[in-house]
1. Is there any pair with a first residue in segment 65-88 that is small (Gly, Ala, Ser) and a second that is part of a loop (DSSP other than H, G, I, E, B) and at pLDDT below 95 whose Cβ atoms are under 8 Å apart and which are 6 or more apart or on different chains, and what are they?
2. Could you list all residues from segment 49-103 that are in a strand (DSSP E or B), among the hydroxyl-bearing types (Ser, Thr, Tyr) and modelled with pLDDT under 85?
3. Which one of these is surrounded by fewer than 19 Cβ atoms within 10 Å (Cβ to Cβ) and under 16 Å from ALA27 (Cβ atoms): VAL57, VAL78, VAL66?
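The values are calculated or read from the model by the stated rules, or taken from the named source; none is laboratory data. Owing to the predicted nature of the structure, the values given are computational and were not obtained by experimental measurement. Cβ placement follows ideal geometry from the backbone for every residue including glycine, while neighbour counts extend to all protein chains displayed.
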Amino acid sequence: MSLPAGDNKDGPTVLLVRQESVLVASAASPVLREGSFLGRVVENRLIGSRAEIIAKVHDTLIRAEVAQSNAPRVGDEVLLHIPLDSRWTVSLASATKAHENSNQSYSLVSGAI
């Protein structure tokens, strides 16, 4: 996957993506664009008029928000696309230091998709 220029020059980085930026389509979609991955929905929960889905791509979980009326079901295979302008990177060292100095929590996912 192509990454934007950012704080990724000196070692491992963390890829940050807002879940509402992840585009979700049927796995049967005729267009596979760079930055797209096939995944399987492992969770689907309603959040107001939208649904949050969690799809597994290899060993990585990706969260996405979709309109409730278009939400795939658990077990469905989906195509996930992360637009380049929605990808942000920071060095792992910077992310770890910022986390130590805040009261926020995050999940660190290692691996590759």
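1. Partner pairs satisfying both residue conditions: ALA67/SER49; SER86/VAL17; SER86/ARG18; SER86/VAL22.
2. Selection gives THR89, SER91.
3. VAL57
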